[in-house]
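Below is one structure, written out as structure tokens; comments come after it.
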Amino acid sequence: MLIGLIKEKVAIALKDLYGEDFDPKEFPVSPTKPEFTGNYTIVLFSLIKSLKTSPDKLGKELGEKLIQNNTQFFSEYNIIKGFLNLTIHSEYFISLLNTHFDDKFFGKTPMTSKRIMVEYSSPNTNKPLHLGHLRNNFLGWSISEILKANGYNVVKSCIVNDRGIHICKSMIAWMRFSNGATPESTGMKGDHFVGDFYVKFNDAYKAEVEELVGKGMEKGMAEKEAPIMKETQQMLLDWEKGDEKVLELWRRMNQWVYAGFDVTYKRIGSDFAKTYYESETYLLGKDTVEFGLSKNVFYKKDDGSVWIDLTADGLDEKLVLRKDGTSVYITQDIGLAQKKYDDFNIDQSIYVVGDEQNYHMKVLKLICKKIGLPYADGIHHLSYGMVELPTGKMKSREGTVVDADDLIDEMISIAKEHTLNLGKVNDFNPDELDELYDTIGIGALKFFLLRVDPKKKMIFNPEESIDFHGFTGPFIQYTHARIKSILRKNEIDKAELSMKTSFMPIEKELLILLEQYKHILQQAAQEMDPSCIGTYLFQLAQTFNSFYAAHSISNAESDEKKQLRLKISSLTSIVLSSGMQLLGIKVPEKM
RNA sequence: GGUCCCGUAGUUCAAUGGAUAGAAUAGAAGUUUCCUAAACUUUAGAUGUGAGUUCGAUUCUCGCCGGGACCA
């Protein structure tokens with residue numbers, strides 16, 4: 001990659017000139033701004049201190065040396081106010097094109113033996129998926145693919161929260177209000193069906209509390225005494241005792257939910273190599289606590305509860321086992337972390353979890369470290385911000401939650417409307433049309449959620465966020481389709497381009513961008529951030545479109561020019577397609 | 001009470017301490033005998049506030065104002 005190469009060559013030149021050793025990683029090398037001549041720029045200020053020279057003098061000496069050492073690589077340089085601008089030799093790009101113009105694996109790294117688990121999605125079985133889950137799913141899937149493209153062996157996993165008091169609420173409500181209705185009998189998607197009973201529970205509970213308060217009971221007391229709540233708590237106890245009737249209903253309702261989730265997962269392309277169920281993992285971790293006690297990492301209070309003191313690390317004292325010996329969330333998480341490691345022999349374990357759990361995840365990693373568990377260092381929280389509406393946070397109580405299925409439907413139907421309005425798809429059959437609407441609608445949604453830095457919270461405006469122009473998925477899809485159309489009509493000559501071939505500025509601009517793809521993939525993996533790929537692809541598509549408008553490819557000035565442009569176009573389409581695939585977005589041949 | 005995060009054009013997002021703070025969208029003005037106008041070209045518009053560190057601060061430090069999350 002150019003940036004890395006330049007850094008190495010600079011280090012060698014500096015060693016030649018001044019006899020000093022530099023770490024190439026420290027050089028500030030960045031793409032040259034368009035208003036200056038050159039392709040890559042070195043900021044000289046940071047070097048002049050240790051070399052005790054002036055920027056101008058250093059720039060001149062370094063520039064000369066670089067060209068002298070690498071005549072095939074740098075063609076010229078200039079210095080402006082402490083910035084050394086280097087121009088890369090055209091031949092570098094010609095050989096890049098000659099070897100990679102039709103290379104489908106361009107930029108990717110072959111698989112190595114490093115194993116990583118990415119846990120994402122992690123739904124509750126009493127609520128259908130919503131907008132926030134979509135961000136989680138898109139991120140988790142994408143980061144998995146990005147890691148694969150960088151040579152990692154990735155295991156995608158999911159932990160389903162399928163037990164606890166909230167599940168019992170849906171079950172109680174179903175028993176009370178359903179008259180035996182099922183998803184089949186009502187034609188509803190299973191997750192929505194069960195979710196509705198969860199809502200019904202809350203309505204009924206609220207009514208009962210109000211009634212008790214009306215009779216003069218104090219509110220806090222009424223909340224505990226409401227019959228429906230007491231019934232629910234009893235059910236949780238029965239569940240834990242293994243009451244077969246309760247378990248049977250629990251299994252039945254969960255199956256409805258899973259069937260519903262599967263439909264959504266299929267539409268959005270989420271998949272998992274391993275699904276963990278909390279009902280099977282919630283007892284894990286107690287052994288580890290015993291082990292921690294023996295090593296004095298934990299301590300027991302007089303009432304028998306077990307704690308860890310993290311105040312020295314700026315955190316609190318944290319409960320890990322209740323006085324009755326039952327576990328808390330962190331206990332099972334410690335256990336599950338261990339189990340993942342045992343099950344798959346992973347080097348790293350990534351958790352795609354919302355940033356409201358930053359504290360929890362910090363505690364988890366720290367505890368694992370203190371106990372001396374071997375996998376502790378490999379634990380990484382890929383923390384992402386909430387998706388908010390213009391009116392603020394989504395609140396289920398106020399009915400402002402954006403449902404995932406509804407949103408996907410809407411995106412697809414808008415994609416259909418746009419497509420039909422443009423009237424370019426007359427030669428598509430009905431199946432192809434449906435596939436295209438899916439590709440565009442879901443592509444727009446995924447791109448919208450992935451183009452933002454994961455760490456930051458983002459705002460989704462239902463009216464304005466659904467766009468098919470500008471910095472969007474469809475823009476990139478369109479650019480890809482455009483290129484494919486050209487490639488269908490013109491044949492690429494496999495013969496190598498002559499090293500003498502010259503470029504227009506915009507052609508070189510494209511080649512520089514294409515060359516950066518591998519670097520972008522590495523950056524995305526290192527920072528666990530798909531958005532750098534989104535930004536990059538948009539810039540590439542934008543540059544291609546300017547190029548396309550300015551120069552004819554089919555009717556180029558010469559055959560040599562035509563072949564050059566076709567090969568640039570070919571590699572551009574490969575990068576657009578490959579990059580979008582890493583975001584989970586398909587690119588059409590025609591649209 | 002404690003810990004942490006965030007404030008950039010009207011709006012949604014960018015910017016490893018580097019050149020004149022980039023895009024998109026909305027606004028204004030253009031481009032179609034020619035490879036897909038979901039495109040292209042031109043134009044106007046922003047770092048919450050006050051200090052400090054530095055050759056240089058959107059970025060680092062501290063105070064204030066405003067918003068959010070978590071812990072007990």
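Would you kindly find the accessible area of A:Ser30, with a 1.4 Å probe and non-protein molecules such as ligands, DNA and RNA excluded, rounding to the nearest 10 Å²? Approximately 50 Å² of A:Ser30 is accessible to the 1.4 Å probe. In chain A, which whole DSSP H runs stretch at least 30 Å along their own axis (Cα) and average -1.0 or higher on the Kyte-Doolittle scale? Counting only whole DSSP H runs, the qualifying helices are A:190-214, A:244-268, A:559-582. Largest accessible area first, the listed residues A:Met1, A:Met235, A:Met111 line up as A:Met111, A:Met1, A:Met235 when surface is computed with a 1.4 Å probe on the assembled protein chains. Treating each Cα of the range A:164-270 as one equal point scatterer and applying the Debye formula with no solvent, the log10 of I(q)/I(0) at q = 0.13, 0.20 Å⁻¹ comes out as -0.54, -1.01.
Under the shape rule built on the C-alpha gyration tensor, where the axes satisfy a ≥ b ≥ c, chain A is oblate, since a/c reaches at least 1.5 while a/b does not exceed b/c. Each residue was assigned an accessible area with a 1.4 Å probe, and for A:Ile79 the value is about 50 Å². Free of any chymotrypsin sites (Phe, Trp or Tyr not before Pro) that DSSP assigns to a loop and that have at most 12 other C-beta atoms within 10 Å, the longest stretch within chain A is A:106-591.
In the range A:127-233, which GluC sites (Glu not before Pro) fall in coil by DSSP and have 12 or fewer other Cβ atoms within 10 Å? Here the GluC sites (Glu not before Pro) that fit, given the DSSP loop and packing criteria, are A:Glu218.
The heavy atoms of A:Asp406 present about 100 square angstrom of accessible area, all protein chains included, probe 1.4 Å. With unit charges on the beta carbon (Lys/Arg positive, Asp/Glu negative), name the residue among A:Val575, A:Ser270, A:Tyr92 whose Cα is farthest towards the positive pole of the charge dipole of chain A. The one lying farthest along the dipole's positive direction is A:Tyr92.
Across the cross-link table entries A:Lys416/A:Lys590; A:Lys15/A:Lys81; A:Lys25/A:Lys108; A:Lys108/A:Lys457, which are compared at the Cα atoms, the separations over 18 Å belong to A:Lys15/A:Lys81; A:Lys25/A:Lys108; A:Lys108/A:Lys457. When A:Met591, A:Met221 are compared by accessible area at a 1.4 angstrom probe, the order from most to least is A:Met221, A:Met591.
The Kirkwood radius of the range A:13-138, taken over pairs of alpha-carbon atoms, gives through the Stokes-Einstein law at 20 °C and 1.002 mPa s a diffusion coefficient of 114 µm² s⁻¹.
The largest-to-smallest principal axis extents of the Cα set in the range A:404-582 are 55, 44, 24 Å. Across the alpha-carbon atoms of the range A:335-378, the computed radius of gyration and Dmax are 10.5, 29 angstrom.
What does the helix-only formula give at 222 nm for chain A: each DSSP H stretch with n ≥ 4 adding -39500 (n - 2.57), the total divided by the residues, and the result rounded to the nearest 500 deg cm²/dmol?
After summing the helix terms and dividing by residue count, I get -18000 deg cm²/dmol.
As an equivalent ellipsoid, the range A:551-591 spans semi-axes of 26, 10, 5 angstrom, where each value is the square root of five times an eigenvalue of the C-alpha gyration tensor, largest first. May I ask which of A:Lys7/A:Lys365; A:Lys340/A:Lys455; A:Lys219/A:Lys286 have a Cα-Cα span longer than 29 Å here? Cα-Cα > 29 Å for A:Lys7/A:Lys365; A:Lys219/A:Lys286; rest within. Shown are A:Glu432, A:Glu507, whose ranking by accessible area with a 1.4 Å probe and every protein chain present, most to least, is A:Glu432, A:Glu507.
With K and R counted +1 and D and E -1, the other residues having a Cβ less than 15 Å from that of A:Val10 yield a net charge of -2.
Give the cross-link partners of A:Lys104 among the aspartates and glutamates, using a straight C-alpha distance below 19 Å as the criterion and excluding same-chain residues fewer than 8 apart. Cross-link targets: A:Glu145, A:Glu491, A:Asp493, A:Glu496, A:Glu515, A:Glu589.
The values are calculated or read from the model by the stated rules, or taken from the named source; none is laboratory data. Since this is a predicted model, take the numbers as computed values, not measurements. Quick reminder, even Gly has a Cβ in these numbers, built from the backbone with ideal geometry, and neighbours come from all protein chains shown. Each accessible area value is taken on the protein alone, full model and side chains, heavy atoms only, with ligands, DNA and RNA left out. Shrake-Rupley method; radii C 1.70, N 1.55, O 1.52, S 1.80 Å.
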